[in-house]
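Throughout, read-outs are computed from the coordinates displayed, never taken from laboratory work. The model shown is predicted, which means the values in this text are computed figures rather than measured ones. Please note: Cβ atoms are built from the backbone with ideal geometry, for glycine as well, and neighbour counts cover all protein chains shown.
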Amino acid sequence: MFLNNNIYKQIYNKINKFETIVIARHVGPDPDALGSSLGLKQIIIDNFPNKKVYTIGKPAKRFKYMGDLDILPEDTTNDKTLLIVTDTPDHRRVDGVDPRNFVNSIKIDHHPFIEKTCDIEWIDDTSSSACQMILEFALNLDLKLSSEACEKLYTGIVADTNRFLFTYTSVKTFILVGKMLKKTNIDINKVYENLYLRSYNEIKFQGYMSLNFNVTKGGVGYIIIDDEVLKKYDVDPATPGNMINNFNYIEDFKIWLTATLDRDLGTYRISVRSRGPIINKTLEKHGGGGHIFASGTRLKSKEDIMKLIDDLNIVLMEYEEEYDG
């Protein structure tokens, strides 16, 4: 059910060795990215109160309630600092630092392997979330778990499993969550309220998305959202991707995506979901990646987006020929 204690002890010993620790995650953070990085920071502080721990990356307005992010001090030297990267499979998507510049680094990730970026890597693509892996690490070493840390971890697990509905949810997920709840008795109602409470503008924006999805002849649903639409509804570029799971049970398409202009970076943020066809290999060809049914990337133009959609049409056609033919 659980790993040999060797990987847990390797990570623990590395953390124990360094006084300064930087925790990073992927760009365009979701609750799992934030929960795993901020939750791990709290666990380290709870168990090693004298360590300096910085959780970095660009904040997400929607998830500000999860905790404050840090600015890395200028005097932090890479050879005396341990970097821990959570929820990120490759160096290009790490927000705020380049892991290749760190002599000592750890990766904790639940995405399929893309490349080796850290000297210690714990990758488990059967895990529901990076937050589940952090929880597994802490429970198996019997580390102190505060309610503050567990609220962050539970938020990430709930978000990445869509309230335990997705296939990534496993027996291990429920065992770990059960142990955590018994140990800390966190207020799960508070977690759900923070995670699912929406402003009226966001509800109206979801209505806009529902009315403006396009569907290709092959059956791929997509919507391209530009800056003026985001401004009209007063939402940020992460919002459409965070809403993509709300369209999971529309029978007219098995693959669907949101493409949202991020004006600050000059690229479109692409989030793709599937209800059957495997999509992550196709996303890797377009500079991204992820899980077999949930992936993403960043693209520079609408032409690039349409090329991706053409490739997803092929994936869907091949899937339907195999399973419906």
* Asked: Rounded to the nearest 5, what is the percent of antiparallel bridges among the DSSP beta bridges in the chain?
  -> 45 percent
* the chain: angle of helix 31-47 to the longest principal axis, Cα-based, in degrees nearest 10 -> 0 degrees
* Asked: How large is ³J(HN,Hα) for each residue in the range 79-85, as worked out from phi by the Karplus curve 6.51 cos²θ - 1.76 cosθ + 1.60 (θ = phi - 60°), to whole Hz, x for Gly and Pro?
  -> 6, 10, 10, 9, 9, 10, 10
* Structure fact -> Expressed in angstrom and rounded, the centroid-to-centroid distance over alpha carbons for the range 115-174 and the range 255-278 is 24 Å
* What residues qualify as long-range amide H neighbours of Asp30, i.e. H under 5 Å apart, gap of 5 or more or another chain, H built at 1.01 Å from N? -> none
* By per-residue mean of other Cβ atoms within 10 Å, what is the highest-first order of 251-258, 129-136? -> 129-136, 251-258
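Could you work out the percent of alpha carbon pairs in the chain separated by over 24 Å, rounded to a whole number? Numbers along the way, then the final one.
On the way: 28393 of 52650 pairs.
Percentage above 24 Å: 54.
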* Say each of Ile123 and Gln10 gets a label point 7 Å from the Cα, pointing the same way as Cα to Cβ; how far apart are those two points in nm? -> 1.3 nm
* Integer Hz, Karplus 6.51/-1.76/1.60 couplings in order for the range 177-193, x for Gly and Pro -> 5, x, 4, 5, 5, 5, 6, 10, 6, 5, 8, 5, 5, 4, 4, 5, 5
* Asked: Where does each of Tyr268, Tyr8 land when they are ranked from fewest to most other beta-carbon atoms within 10 angstrom?
  -> Tyr8, Tyr268
* 10 Å binning of all Cα-Cα separations within the range 21-169, expressed as whole percents from 0 upward -> 12, 45, 36, 6, 0
* For the residues Val215, Val171, what sequence is obtained by ranking on other C-beta atoms within 10 Å, fewest first? -> Val171, Val215
* Nitroxide proxy distance, nm - points 7 Å out along Cα→Cβ at Tyr196 and Asp252 -> 2.6 nm
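Per-residue ellipticity at 222 nm for the chain, helices alone: DSSP H runs ≥ 4 residues times -39500 (n - 2.57), over residue total, nearest 500 deg cm²/dmol?
Working: 11 runs with 132 residues, N = 325.
Calculated from helices alone, the mean residue ellipticity at 222 nm is -12500 deg cm²/dmol.
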* Overall Cα dimensions of the range 200-323, principal axis frame, Å, largest first -> 43, 28, 23
* If one takes the longest principal axis of the Cα atoms in the chain, at what angle in degrees, from 0 to 90 and to the nearest 10, does the Cα axis of helix 200-212 lie? -> 40 degrees
* Asked: Listed highest first by mean packing, meaning other Cβ atoms within 10 Å per residue, what order do 89-97, 32-40, 278-286 come in?
  -> 32-40, 89-97, 278-286
* Those lysines that a straight Cα-Cα span of less than 25 Å connects to Lys179, excepting residues fewer than 8 apart in one chain -> Lys9, Lys41, Lys107, Lys144, Lys152, Lys190
* List the GluC sites (Glu not before Pro) within the range 286-325 that fall in a DSSP loop (any state other than H, G, I, E or B) and whose Cβ has at most 11 other Cβ atoms within 10 Å. => none
* Asked: How far is helix 302-323 tilted, in degrees, relative to the longest principal axis of the Cα atoms in the chain, given as a value from 0 to 90 rounded to the nearest 10?
  -> 90 degrees
